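Notes follow the structure.
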Amino acid sequence: MQKDFKIAVIISGRGSNMQSLIEQASVYSISGVISNKTKAAGLEFARNAGLPTTACPRKSYSSLLEQKQAIYAATLKYKPDLICLAGYMQIVEEDFVKEQFGRILNIHPSLLPKFPGLDTHKRALNAGETKHGCSVQYLDVGVDTGPIIAQSKVSVESLDTEETLASRVLKQEHQIYPWVVSMIAGEKISLRSGDVVMSKATHKEALEKGFYVPDSVVLN
Ligand code: GRF
């Protein structure tokens, strides 16, 4: 177990996933929180938790690319073993994704490969889905196409609105993201040659927690 496993979290807004990563940090620590928005509510929570934060607002840079590069540089300054995107609403530049492949995680509010991109809850309701949920994945250069590590499912109820469904999925996000990060920190989950590899004991634990692990995950 690497007690000194460090993560950096990149956010854009509310930061409730970041908050759950902070609150459930026991086998990893948070070395910094970065945002593309100075007023992101999550930054205040992080500061109050005594964590270093950096904001890189668009207006401080002459181009979007410069802003993103400042965000990546600020992130790497925190020397993370893992970078966790948590409601970060900018597309990550291909060069950075390639350079850091296997070291960036994303949480997405749908059962990927269903509903990549935005408005996932509305689209799941409109499609008449009976199950919806969230996915934790390694980031790759596509939009929400990276290798999936684990998912958490919720039932779609007949009276669900976008808001009720989103809030039920969010509760699952707050459980599954810190768990996956803890397992990576404890070297129970890794990415090898593009495949997610998980120990059998971790797979069992995932199922006990009610999570779903896709067949693409290699068990060892
Ligand atoms: C979450 O639903 C996350 O999956 C998505 O954006 C939302 C961010 O919420 N990418 P928060 O900022 O973590 O509260």
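Please treat every number below as a calculation from the coordinates, not as lab data. Computed from a predicted structure; not experimentally measured. Here the Cβ is made from the backbone with ideal geometry for all residues, glycine too, and neighbour counts use every protein chain on show.
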Quick one: which of Lys37/Lys79; Lys98/Lys131; Lys122/Lys188; Lys98/Lys200 span more than 25 angstrom between C-alpha atoms?
Lys98/Lys131; Lys122/Lys188; Lys98/Lys200
Choice from Ala73, Ala206, Ala40 showing the highest fluctuation, given a GNM over the chain with Cα pairs closer than 10 Å:
Ala73
Averaging over all projection directions, find the projected area of the Cα convex hull of the stretch 74-123 and quote it in nm² with one decimal place.
4.1 nm²
Please report, to one decimal in angstroms, the Kirkwood hydrodynamic radius of the stretch 27-96 built from all distinct Cα-Cα pairs.
12.7 Å
Grab the Cα-Cα distance for Glu99 and Glu23, subtract it from 0.36 nm times how many residues apart they are, and report the gain in nm with one decimal.
24.4 nm
Please rank Met198, Met89, Met183, fewest neighbouring Cβ atoms within 10 Å first, as an exposure proxy.
Met89, Met183, Met198
What ranking do Val154, Val9 get, fewest neighbouring Cβ atoms within 10 angstrom at the top?
Val154, Val9
With 10 Å bins from 0: P(r) over the stretch 128-217, alpha-carbon pairs, percent
16, 47, 29, 9, 0
Could you work out the pair-distance distribution P(r) of the chain from its alpha-carbon pairs, with 5 angstrom bin width and percents rounded to whole numbers?
1, 7, 15, 19, 20, 17, 12, 6, 2, 0
Dividing the alpha-carbon radius of gyration of the stretch 49-157 by 2.2 N^0.38 Å, where N counts its residues, gives 1.21
